[in-house]
């Protein structure tokens, strides 16, 4: 049975009542959020959680004070409908985690049709779901904003759940009544503006550029936020055929950087735009990697972005 991941993250009392789950899709931060919510829920029930490569590696031993286990399975190789039906006979819980790939299409189809399983497909947040998440946040914080600001926030909030959640968490720590529409948007733009500060060093020598990056990007979330903010700049460059169009498309929250943005845009011709687009496509694929590697990938993107710009 297929279930919307946003309905899970918005429901603090969501009941994880299946024995087998498949978390899939291509939005890593949402995949991790759902996985963590499932783990937390079962830990509250005093169940032991174990990460395993595949179901063949599972251990059936349970401690004296432990109930049955929750297995987080990271490899779906050789998982079939028949093998899943056998797992239903266990007392254990199985959470399969698999990003989209050709090899999991059949498995996803099996999960979507079987009421005994949950398929949780995680993709970037749609505008409709941003509305739900933002309304829920405003309701919980008991704060009202203008209709204009509301839709500006919907437009500006990141499409990736993990980063969107971080942005709203930052707002939740503020005394919102002290902010007008403009300053509230700037507060929301903290991660974007941080990325812009790195962007403003784009034409500096590599040593300084690397230093600025390392000072401001210290976690994986920082990398994704930084990359998202520079990605918006890249799309502005690639998507405009002339300086006037580019100038008019610069968002209000980047007004102070307008002269610098135009200076960078003037360095681009069609050939450079193609090279920049190829860099974005390559980096998007690499950014799906987990661990400390993403910080290296982010720095490599920044240096290649500079190289294309000044070439």
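List of remarks:
- Residue 79 vs. criteria surrounded by 15 or more Cβ atoms within 10 Å (Cβ to Cβ) and without any contact (Cβ under 8 Å) to a residue 24 or more places away in the chain: no
- Tallying residues that are free of Cβ contacts under 8 Å to residues at least 60 places away in the same chain and part of a loop (DSSP other than H, G, I, E, B) within region 17-50 yields 4.
- Annotation: residue 120 fulfils all but one of (1) crowded, with 19+ Cβ neighbours inside 10 Å; (2) modelled with pLDDT under 90; the unmet one is (2).
- Test result for residue 57, modelled with pLDDT of 85 or more and not assigned by TED's automatic domain parsing to the domain that holds residue 224: no
- Scanning region 96-146 for residues that are farther than 16 Å from residue 75 by Cα, under 23 Å from the mean Cα position of the chain (by Cα) and in a loop (DSSP other than H, G, I, E, B) yields 123, 124, 125, 126.
- Cβ separations smaller than 7 Å between residues 6+ apart or across chains give the following pairs from region 152-163 residues that are in a loop (DSSP other than H, G, I, E, B) to residues that are surrounded by fewer than 18 Cβ atoms within 10 Å (Cβ to Cβ): 158/228; 159/124; 160/124.
- Candidates in region 61-78 are the residues that are at pLDDT 80 or above and touching a strand residue (DSSP E or B) at 6+ places or on another chain (Cβ under 9 Å); of these, the one that is farthest from residue 49 (Cα to Cα) is 76.
- Unique match (being at pLDDT 90 or above and over 22 Å from residue 165 (Cα atoms)) among 308, 250, 198: 308
- Flag for residue 178 being modelled with pLDDT under 75, surrounded by fewer than 16 Cβ atoms within 10 Å (Cβ to Cβ), farther than 24 Å from residue 258 by Cα and touching a helix residue (DSSP H, G or I) at 6+ places or on another chain (Cβ under 7 Å): no
- Candidates in region 257-290 are the residues that are touching a residue at least 24 places away in the same chain (Cβ under 8 Å) and not in a helix (DSSP H, G or I); of these, the one that is surrounded by the fewest Cβ atoms within 10 Å (Cβ to Cβ) is 290.
Conditions (1) buried (at least 18 other Cβ atoms within 10 Å of the Cβ); (2) more than 22 Å from residue 287 (Cα to Cα); (3) assigned by TED's automatic domain parsing to the domain that holds residue 162; (4) at pLDDT below 90, marked per residue:
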position	(1), (2), (3), (4)
9	yes, yes, no, no
12	no, yes, no, yes
21	yes, yes, no, no
25	yes, no, no, no
28	yes, no, no, yes
31	yes, no, no, no
36	no, no, no, no
40	no, yes, no, no
45	no, yes, no, yes
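- Considering only residues in region 201-238 that are in contact with a helix residue (DSSP H, G or I) (Cβ under 6 Å, 6 or more places away or on another chain) and part of a loop (DSSP other than H, G, I, E, B), the one that is surrounded by the most Cβ atoms within 10 Å (Cβ to Cβ) turns out to be 217.
The values are calculated or read from the model by the stated rules, or taken from the named source; none is laboratory data. Nothing here was measured: the structure is a model prediction, and the numbers come from that model. Neighbour counts run over all protein chains shown; Cβ positions are idealised from the backbone, glycine included.
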